[in-house]
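Below: one structure, written as C-alpha cells.
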Amino acid sequence: MTAPVQPNSPMPLDRTEIDYPAVVANLLDSLLRVPEHRAEIEYLQHRLSVSREEIIAAWLFYDLSITSYSNEAYSSTVLRLAMHLHNSLVGNWHDRRQATVVEYLSRISPTTICEIGFGTPQRYVREFLGGSGTAMALCEYDTGSLEFAATVLEHWRPDWADSVTLLRHSMDDDPLPSGYSVYIFQDSIEHALRPTETLRSYVDGVPVGTHFIFSLPVEVDHPIPGHHISWTEENAVIDWLSTAGLTVLDKEVICFRSGLDLHSHCLHPDTRQLVTLAVKKGDRQAVSPDTGRL
C-alpha cells in the first residue's frame, strides 16, 4: 500500500500511485481535529445514522466518480453529507468559492437571498443566520436535500426557520421565486435540461437591478455528465450571461488544488471555476465605469 498523501501536499496525477481511501481518511481526520467540525460531524452521524466508513465511501464516490454519475446520485443522504464536509476543508475550491460569495454578498448588502440548487447550506447562510434581518430561501428539487439542510441548520441555530425558508423547486418546471434581492446559482444551473432558456426566463422575470451570483465550470474538454451546457474559457461564460440580460460586475477564477480537490484528478488539468457577481442590465448607477465594480 502506498503512503497516504497529506492534504496540502502536491499529488501525482497518476491515480494508480494514490491510496485514495487513505487520503480521504486523512482529510476527514483533519476536520475531526477541529472541535467545531467534530461536534457537527458527530451530530450529523448520530442524526443520520451514518458511519465513518459510509462517509469515506461516499466521499470517494463523490470525487472519483464525477464523470460517471447522473444528477440522481445527489439524492443520497450520505452523499449530501460528503458534499457538506467538502465545504469545511480549508483551502479547497469550495472554501475559496464560499469566501468569494460572502464577499460579494457583503458588497451588495441584500435584504433577501434566494439560492437555486443549493446542494447543502453554505457559509453565507450561517453568517446571515439570526440578527442580520436577511431572509433566505434555499431551493432544491429533491426533498431529501431539504431534509438534510434542515438537520444541518438545526445544529447551526435552533431558530433557523425565522431566517430560512426551504423550498422545493425544479429549474426545469418552476418559475423563479419572486421578490428576492439576489439569486445564487453555485454549480446548479448547468444541471437544468435547458440552461439557456431557464436563465433567460429567470432574468426576464425579475426587476432591473436584481443581482445574481454564479459559480460555473470552465471544463475545457469532456464536460461532466449531467451538465447540459459547458464552456471552454471564461469569456464564453461572460458572453452567455450577457446574452441573458446580465452585466457582470466582478469575477473570480478558482483553480483546483490536487491535494484537496480530488475530483480534479478525473478532469482536464485546466478545468476551473468562474465565480461571478452580475446585475440585470439597466442598473448602471451601481457600476463604476473605471473598474466595473460596485
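Can you grab the distance from the C-alpha centre of segment 210-289 to the C-alpha centre of segment 21-90, Å, no decimals?
26
Taking the convex hull of the Cα atoms, report for segment 169-294 its projected area averaged over all directions, in nm². If you can, show how the numbers build up before the last one.
Values: hull surface 33.0 nm².
Spelled out: convex hull of the Cα atoms, projected over all directions, averaged, 8.2 nm².
Hey, can you grab everything whose amide H is under 5 Å from the amide H of Leu246? Only 5+ residues off in sequence or another chain; H modelled, so Pro and N-termini drop out.
Lys281
What nm value, rounded to one decimal, do you get for the distance between Asp159 and Leu60 when each label is placed 7 Å out toward the C-beta?
Those two pseudo-labels are separated by 4.5 nm.
Give me the 1.4 Å probe accessible area per residue for segment 111-269, excluding ligands and nucleic acids, in Å².
On the way: 6310 Å² over 159 residues.
Using a 1.4 Å probe on heavy atoms only, each residue of segment 111-269 averages 40 Å².
Could you give each residue of segment 245-259 its phi-based ³J(HN,Hα) in whole Hz, using Karplus coefficients 6.51, -1.76, 1.60 with θ = phi - 60°, and x for Gly or Pro?
Ordered by residue, 3J(HN,Hα) equals x, 10, 9, 7, 8, 7, 8, 9, 8, 10, 9, 7, 10, 4, x Hz.
For Ile184, list long-range residues whose amide hydrogen, built 1.01 Å from N in the peptide plane, is under 5 Å from its own amide hydrogen.
Those lying under 5 Å, H to H, from Ile184 are Cys114, Glu115, Ile116, Ile213.
Can you give the relative contact order of segment 77-170 as a percent, counting alpha carbon pairs under 8 Å and 6+ residues apart? It would help to have the intermediate numbers written out before the result.
Values: 112 pairs, mean separation 26.6, N = 94.
Worked out over segment 77-170, it gives 28 percent.
Could you give me the ³J(HN,Hα) list for segment 205-211, computed from phi with Karplus coefficients 6.51, -1.76, 1.60 and θ = phi - 60°, whole Hz, x at Gly and Pro?
In residue order, the calculated couplings are x, 10, x, 4, x, 5, 8 Hz.
Angle check, please: helix 234-243 long axis (alpha carbons) against the longest principal axis of the chain (alpha carbons), in degrees 0 to 90, nearest 10.
40
I'd like to know which of Ala137, Gly209, Pro269 lies farthest towards the positive end of the charge dipole of the chain, counting +1 on Cβ of Lys and Arg and -1 on Cβ of Asp and Glu.
The listed residue farthest towards the positive side: Gly209.
Taking just the alpha-carbon atoms of segment 16-68, what radius of gyration and Dmax come out, in angstrom?
Looking at segment 16-68, its Cα Rg and Dmax stand at 12.2, 36 Å.
HN-Hα J couplings of segment 55-69 from phi, Karplus 6.51/-1.76/1.60, θ = phi - 60°, integer Hz, Gly and Pro as x?
So the J values, rounded to whole Hz, are 4, 5, 5, 5, 4, 4, 5, 4, 7, 8, 10, 4, 8, 10, 8.
Quick one: compute the contact order of segment 177-279, relative version, from alpha carbon pairs under 8 angstrom and 6+ residues apart, as a percent.
The value is 33 percent.
Just the number, please: Stokes-Einstein D of segment 97-202 in µm²/s, Kirkwood Rh from C-alpha pairs, 25 °C, 0.890 mPa s.
Numbers: Rh = 14.1 Å.
After rounding, the answer is 174 µm²/s.
Provide the gained length on full extension for the span Ala150 to Ser68, in nm with one decimal, where the gain is 0.36 nm per separating residue minus the Cα-Cα distance. Walk me through the numbers before you get to the answer.
On the way: separation 82, 0.36 × 82 = 29.52 nm, distance 2.88 nm.
The span from Ala150 to Ser68 would gain 26.6 nm if fully extended.
Given a 1.4 Å probe and heavy atoms of the protein chains only, how would you sort Tyr202, Tyr62, largest accessible area at the top?
On the way: Tyr202 5, Tyr62 30 Å².
The ranking, largest first, comes out as Tyr62, Tyr202.
Compute the accessible area per residue over segment 24-98, keeping the other protein chains in place, probe 1.4 Å, unit Å². Don't skip to the answer; put the middle values down first.
Details: 3130 Å² over 75 residues.
With all protein chains present, segment 24-98 gives 42 Å² per residue.
Which value does Rg/Rh take for segment 20-153 over its C-alpha atoms, Rh per Kirkwood?
Details: Rg = 15.2 Å, Rh = 15.8 Å.
My calculation puts Rg/Rh at 0.96.
Using only Cα positions of the chain, each an equal point scatterer, no hydration layer, compute I(q)/I(0) via Debye at q = 0.07, 0.10, 0.12 Å⁻¹ and quote the log10 values to two decimals.
With no solvent term, the Cα-only Debye profile gives -0.26, -0.54, -0.79.
Could you please state how large a percent of the accessible area of segment 149-281 is carbon and sulfur, counting protein chains only and using a 1.4 Å probe?
46
The values are calculated or read from the model by the stated rules, or taken from the named source; none is laboratory data. Keep in mind the model is a prediction, meaning the values are calculated, not measured. Heads up, the Cβs are rebuilt from the backbone with ideal geometry, glycines too, and the neighbour counts pull from every protein chain shown. Ligands, DNA and RNA are excluded from the accessible area calculation, which covers all protein heavy atoms including side chains. Shrake-Rupley method; radii C 1.70, N 1.55, O 1.52, S 1.80 Å.
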